[in-house]
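The values are calculated or read from the model by the stated rules, or taken from the named source; none is laboratory data. Keep in mind the model is a prediction, meaning the values are calculated, not measured. Ideal geometry is used to build each Cβ from the backbone, glycine not excepted, and the neighbour counts take in all protein chains shown.
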Amino acid sequence: MVDTNSPTLVSVTRYGDVARLKVTFSERVTAATANVAANYTLGGGENITLAVLQPDGTNVVLTTGVIPIGTPDSLTVTGVKDVAGNLITSPGNQVSFSPKYEILFATADPGPLTFPGDQAVFNRLQARGFDVTLTKGIDVPIDGYTAIGNDRTTL
């Protein structure tokens, strides 16, 4: 069976902080087109400075200008091809998004999330629309709060 359908946007969620987004496509896309920041446009006018296709081939992490917590926004994608060569053409695919709450996720992981349990919690929180900021437990003061008032939770 020949694939003749263009990829579509499935979701847009925060990815670790207020200046990164994870874009999920319906199928694997090519790095040559997914890694082009100009193929993505935010409705709020924030700049997109970097687009990086993740190893699974369906997720792209965008580095953006700061998008304030809880601010509704939209993302439009054009010019991205799936691995069969089907192109998202103009006017493109558009998805609206708005994170629900900001969560400070303090973990014992030594670097990027490497522990399967931490990865599962992080992915589940993002899937539910939470804006998740990562930190290490040692970076949170002993009183259990940061300067911006986030509760300390170490998993």
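Name the one entry in Ala84, Ala51 that is within 11 Å of Thr30 (Cα to Cα) and either among the hydroxyl-bearing types (Ser, Thr, Tyr) or assigned by TED's automatic domain parsing to the domain that holds Gly16 (or both). Before you say what the answer is, go through the steps one by one.
Numbers: Ala51 fails: within 11 Å of Thr30 (Cα to Cα).
Result of the check over Ala84, Ala51: Ala84.
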Practice task
State whether one or more residues within segment 15-30 are in a loop (DSSP other than H, G, I, E, B), out of contact with any strand residue (DSSP E or B) (no Cβ under 9 Å at 6 or more places or on another chain) and not assigned by TED's automatic domain parsing to the domain that holds Ala127.
Solution key: no
Problem - Residue among Lys81, Lys22 that is over 21 Å from Leu134 (Cα atoms), touching a helix residue (DSSP H, G or I) at 6+ places or on another chain (Cβ under 9 Å) and of a type in the set (D, E, K, R) - result: Lys81
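Each row is one residue, and each column tells you yes or no for (1) surrounded by fewer than 17 Cβ atoms within 10 Å (Cβ to Cβ); (2) without any contact (Cβ under 8 Å) to a residue 60 or more places away in the chain.
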| position | (1), (2) |
| --- | --- |
| Thr4 | yes, no |
| Arg20 | yes, yes |
| Ser26 | yes, yes |
| Ala31 | yes, yes |
| Ala34 | no, yes |
| Gly44 | yes, yes |
| Leu53 | no, yes |
| Val61 | yes, yes |
